[in-house]
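Following: one structure in structure tokens, then a few remarks.
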Amino acid sequence: MSVEQFKLRMRRYNPESGDAPYWDEHTVELEPHRSVLEGILQARDRFDGSIGIRCSCRQAICGSCGVRINGEPALACHTHLEAAVRGAREGAIEIEPMGNMPVIKDLIVDMDAVHWTKVRRVTPWLINKQPVPEREYLVDHDSMVDVTQTMACIQCGACVSDCLAMEVDPGFIGPAALAKAYRFVGDPRDDRQFERLNDLAQDPQGIFDCTHCFRCVEACPKDVDPMGQIMRLRRIATSDYQIVDRNNGRRHEAAFTTLVRDYGLNHEAELLPRSYGGNSWFGKFAPAAGKELLSSLPVIVKGLLRGKFNPKTAIFGHKLRKQDLDAVRAIYEKVEGRERRYELNLYVTGSDEDAEAPDAKSETGTPSEPGATNEQVPIASGGAEESAGA
Amino acid sequence: MKVAYWPGCVSRGFTPELHGSMAKVAPLLDIELVELDRACCTGAGVIAEHNQELADTLNARTFALAQQVEDAELMMNICSTCQGAQSECQERLDASASYREHINQTLASEGLSYERGLTNKNFLWLLVEEIGLAELRSRVVRPLSGLRVGPFYGCYIVRPRRRLGIDEAHPRDEYLHRVIEALGGTVIEYAGMRKCCGFPIITMNKEASLRQAGLHLGDALDAQADCLVTPCPLCHLNLDLQQPLAERVVGRELQMPVLHLPQLVGLALGLEPKELGMGRHIVRPTSVIDWSTSVVGAAA
């Protein structure tokens, strides 16, 4: 394969110099299938030995070379030059340091100050159930397969870099650390599920601070699905452990779910007061709801004056017809009435059509068959009953 | 074309102008809307967060109802959040025959069954992929000349890319840009155009939520946009309804009008701002509209 020229446009910054960041361009010569990292290293070797980049394995395992390429998070070693140049503006591949973390130099960010501090925050080690067995723990196979997704994390920080909640609230524990938290909450050998969940639910910058923007899902080079793990933490905290947090997380979820059961449609005017004041019609009279309503009063009045909300709909909500509402309620009764939640994790099972996909992490050769029987949970959800019995 | 139409909840609740403007715009584009008035809320991700199977079953019911609409070419929605929540459920339902069968067992008592492979498109996707930009352009009677429009996509309709079918052949995360251009407007790019409006955490962390909305509105203002356009009514709630509160959090005056996608299309197709419910917004699009002549243009 022939060598081609690629123009790299790197964001350079040395905080110690006192100078502002600047763009620096170099043209490198490499085969198109080579990585952006190799391009950066060639630029450093040939043109400017002071270019700062952190790297080690060069094969997407160590997680050292996280950067932004053309504005998107990526591992420099895991991005081909030919792919990067397709997304390049004006022909130059733009390379920047990751976001949400302070720059140490050029493309090197301070992972310690942000990422690792947050990971340490979630107690990232196993706290054994006592007494510790003489031999190894015997655990349910599926529940361990379940946590392999979070174990695939290589701590590159790409999700932290792109987290939109952290952008406005730097104290948010964030996607990588919360995915790590699920790794232990989902582990049947761990003895502190409740404490872990309660801690993360009560923290104003914990699991309920995630804005559900999917940026981490998209950023992750290893398909860890950090947001999905955060949603599972919420699910287990609220549904299994009934943890009532002070961030309105559980109340909001309960109010939403109940209103759709009772009306078939979302009833916004009820949802908000119930999220603050508690999941019943009386929720709006709770002091917490009153305070919120008061602060939103100018907006509410304006909305009413402009005809934005129909007062009738605002008070009584909009409902499905009885026949359909009955059908919706029947679905609720059946599904919520199951002894254990039924959850399909495509990361583990893969899909029928691409069973051979590399993502399908079936180690046993006998992939679980979701739906084979009604009451069997193909992929354990890490619920309370299960952890107690393991 | 005939579509099974899912309007969502908010478009019939706190943003009635969205549902109303869609109904006005549809005939101008020869879209016949068959409203799925028996279907329930998608759960907006919150029900899935509570119980995945519950969300999958409720949405499978909606899909099954859509598949019963005779001669409908596809299902269409006007809410990014609905699109995202439904795509997530559909991904699981389509991935596994046994899972689908399991869910269909619950629907059987109503005589419903979901069959793999429903096409469900947001109005934005339908505009570009089914109607086509050339056709859209040919129907414009009042081009948005000189109007500087900032696209605001919202999260659920652009991520995750694989699930939403975004690739080089279907650059759906560029479609708002293309529609604005086709309508004769000028696209204004700004930092927040594909970021989160903050709505999902409005009850959990109000300050962070409003800060997100305020930052994006401010970015658009700095880029000299006259208004924003969004395909998501929940984004609209945070960007328009909550804008006065967002102004307080970010400490600057914003006054940035935010239009729903069918409103922007409707204006260019010759409808009057009032018909499109534009007087109902909290931030009135006065700066972009001459109310007496209905001519759209940049503020003088």
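Of the residues B:GLY146, B:GLY198, only one is on the phi > 0 side of the Ramachandran plot and open to solvent by 10 Å² or more (accessible area, probe 1.4 Å); which? Walk me through it before giving the result.
Numbers: B:GLY198 fails: open to solvent by 10 Å² or more (accessible area, probe 1.4 Å).
So the residue among B:GLY146, B:GLY198 that is on the phi > 0 side of the Ramachandran plot and open to solvent by 10 Å² or more (accessible area, probe 1.4 Å) is B:GLY146.
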Test for B:ALA64: is it more than 10 Å from chain A (Cβ to nearest Cβ), part of a helix (DSSP H, G or I) and open to solvent by less than 10 Å² (accessible area, probe 1.4 Å): yes
Filtered residue count, region B:219-235, keeping only those that are farther than 21 Å from B:ARG178 by Cβ and either crowded, with 24+ Cβ neighbours inside 10 Å or among the aromatic types (Phe, Trp, Tyr) (or both): 2
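Can you name every residue in region B:1-35 that is in a strand (DSSP E or B), in contact with a Leu (Cβ under 9 Å, 6 or more places away or on another chain) and either crowded, with 19+ Cβ neighbours inside 10 Å or without any contact (Cβ under 8 Å) to a residue 40 or more places away in the chain (or both)? Before the answer, list the steps.
So the first thing to find is which residues in region B:1-35 are in a strand (DSSP E or B), and the list is B:2-6, B:32-35.
Still in the running and in contact with a Leu (Cβ under 9 Å, 6 or more places away or on another chain): B:2-6.
Passing the criteria: B:VAL3, B:ALA4, B:TYR5, B:TRP6.
How many of the residues making up region A:91-113 are hydrophobic (A, V, I, L, M, F, W, C) and touching a residue at least 60 places away in the same chain (Cβ under 8 Å)? Outline the logic, then answer.
Within region A:91-113, the first condition is being hydrophobic (A, V, I, L, M, F, W, C), and the residues that meet it are A:92-93, A:95, A:98, A:101, A:103-104, A:107-109, A:111, A:113.
This time we only want the ones that are touching a residue at least 60 places away in the same chain (Cβ under 8 Å), so: A:92-93, A:95, A:98, A:101, A:103-104, A:107.
Residues meeting the conditions: 8.
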Per-region count, region A:198-216, residues in contact with a Ser or Thr (Cβ under 9 Å, 6 or more places away or on another chain) and away from chain B (no Cβ under 14 Å): 1
Options A:PRO226, A:PRO221; residue that is modelled with pLDDT of 95 or more, over 9 Å from the mean Cα position of the chain (by Cα) and not charged (D, E, K, R): A:PRO221
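State yes or no: is B:SER80 within 29 Å of A:LEU259 (Cβ to Cβ) and not β-branched (Val, Ile, Thr)? Lay out the reasoning, then the answer.
Numbers: within 29 Å of A:LEU259 (Cβ to Cβ): yes; not β-branched (Val, Ile, Thr): yes.
So B:SER80 passes the test.
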Of residues in region A:295-343 being part of a loop (DSSP other than H, G, I, E, B) and open to solvent by 50 Å² or more (accessible area, probe 1.4 Å), the one nearest to the other protein chains (Cβ to nearest Cβ): A:ARG306
Filtered residues of region A:236-252 (kept if closer than 17 Å to A:ARG340 by Cβ, within 8 Å of chain B (Cβ to nearest Cβ) and surrounded by 23 or more Cβ atoms within 10 Å (Cβ to Cβ)): A:THR238
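Among B:THR81, B:THR106, which is within 27 Å of B:ALA169 (Cβ to Cβ), open to solvent by less than 30 Å² (accessible area, probe 1.4 Å) and either in contact with a helix residue (DSSP H, G or I) (Cβ under 7 Å, 6 or more places away or on another chain) or of a type in the set (Gly, Ala, Ser) (or both)? So that I can check it myself, show each step before the final result.
On the way: B:THR106 fails: within 27 Å of B:ALA169 (Cβ to Cβ).
Among B:THR81, B:THR106, only B:THR81 is within 27 Å of B:ALA169 (Cβ to Cβ), open to solvent by less than 30 Å² (accessible area, probe 1.4 Å) and either in contact with a helix residue (DSSP H, G or I) (Cβ under 7 Å, 6 or more places away or on another chain) or of a type in the set (Gly, Ala, Ser) (or both).
The values are calculated or read from the model by the stated rules, or taken from the named source; none is laboratory data. Computed from a predicted model, the values in this text were never measured in an experiment. In this analysis, Cβ positions are derived from the backbone assuming ideal geometry, glycine residues included, and neighbour counts consider all displayed protein chains. For accessibility, only protein heavy atoms count, side chains too; no ligands or nucleic acids. Shrake-Rupley method; radii C 1.70, N 1.55, O 1.52, S 1.80 Å.
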